[in-house]
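**Q** Please see the structure below; I have some questions.
Each reported figure results from applying straightforward, stated rules to the coordinates on display, with no laboratory input. Because the structure is a prediction, the values reported are computed rather than measured. Methodologically, a virtual Cβ is constructed for each residue, glycine included, from the backbone with ideal geometry; neighbour enumeration extends over all protein chains shown.
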Amino acid sequence: MKQFWAFIKKETRHIFRDTRTMIILFGMPVVMMLLFGFAISTDVKDVRTVVVTTNYDNQTQRLVDRLNASEYFSVRYRVATPAEAEKLIRDQKADMAVVFSQQYANRPASHGIQFINDGIDPNTALTRQAYAQQILSENVHAPLSRMLYNPQMKSAFNFVPGIIGLLLTLICAMMTSVSIVKEKERGTMEVLLVSPIRPLHIMIAKAVPYLALSLFILVAIMLMSRYILDVPLRGNILAIFLVSMLYILLALSIGLLVSVAARTQVVALLVTGMVMLIPCVLLSGMIYPVESMPLVLQWVTAVMPARWFISAIKKLMIMGVSWQMALREILVIAGMTVVILIIVLRKFKTRLE
């Protein structure tokens, strides 16, 4: 056992001595959180807005002032007909029009307001309309909409769980597989295999430092999301960390599986990049909702570990529900972990061919 812990210490020293690894491990989380939190955002601001009305009563004026006072809308034009507003949008002078019907002053309800939107980007158009509905609904007798869990509709609420899954995949799967394959490539794995340490213990010792680093980075991400991006931690903190720990074990298992199959670092990087990272971004629900994908792709996403982890973290972290509400996701992650570990143990060879 002393030899096992000594090997773990040796691996930890190697990680901290490698400048490139340190930049990836500690620089990547900060960069990705800032990019997805501030730069790569689906939030809309300063939407060029046209107001269409023929009767500027007090109620209408109050709503227009409220729209203009928000950070999301900038009322640029006021016209009398929807045709004039549509022309401004076609001429790229405005992004959206808010049309107040002639009967709105007498019946200020949701059916008295319509929207004309630039629909070139459907997602952005829907977001603009949802923002406008949220602002206007606070001033009418019949609320237009009610946004649960994310009333300000910040994109960071959706991106942060995805970033957590992406980073844990990067650190655990990619870095672990590359670390082990590097020993094969350099020829030092043969020396390790003839050492007193059992071969399986070598694999575990390679993974333990990345497990510890993943937990440290997980804490850092949580703190950044809470105090920099203002993303709440509504759920049970212990449940969030236990689910994250389970996913870390799954990512480490995938890294071990890749290391068993790959013979070079390039192959390990390509496999983890093509099979794990790209699908994690595109098919996990991090950016595009799984429900809006074609049925075939929805079936493909079912084998993506990140999909289930991101879904579980959204429920626990953003919605604040109990862990039982994420039981299906937890069972899927646990099942994947067991299956992959069984495959790794069967494929693992005690000596190099």
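**Q** I need the phi-derived Karplus couplings for segment 116-124: 6.51 cos²θ - 1.76 cosθ + 1.60, θ = phi - 60°, integer Hz, Gly and Pro marked x.
**A** Each residue's phi maps through the Karplus curve to give 10, 10, 6, x, 4, 10, x, 5, 5 Hz.
**Q** Going highest first, how would you order 71-81, 172-182 by mean Cβ packing within 10 Å?
**A** 172-182, 71-81
**Q** I would also like to ask the following. Any chance you could list P(r) for segment 192-300, counting all Cα-Cα pairs in 10 angstrom bins from zero, rounded to whole %?
**A** 11, 29, 36, 19, 5, 0
**Q** With a ≥ b ≥ c the root eigenvalues of the C-alpha gyration tensor of the chain, is it rounded (a/c under 1.5), prolate (a/b larger than b/c) or oblate?
**A** Because a/c hits 1.5 or more and a/b exceeds b/c, the chain counts as prolate.
**Q** When 1/r is averaged over all different Cα pairs and the result inverted, which Kirkwood radius in Å belongs to segment 259-353?
**A** 15.2
**Q** Please give me the summed charge of the neighbours of PHE4: other residues whose Cβ is under 13 Å from its Cβ, Lys and Arg +1, Asp and Glu -1.
**A** +4
**Q** Using packing as a proxy for protection, rank 296-307, 276-287 so that the peptide with the highest average count of other Cβ atoms within 10 Å comes first.
**A** Descending mean neighbour count gives 276-287, 296-307.
**Q** Follow-up question, since we're still on this one. What is the extension gain from GLU86 to LEU35, computed as 0.36 nm multiplied by their sequence separation minus the C-alpha to C-alpha distance, in nm to one decimal?
**A** 14.9 nm
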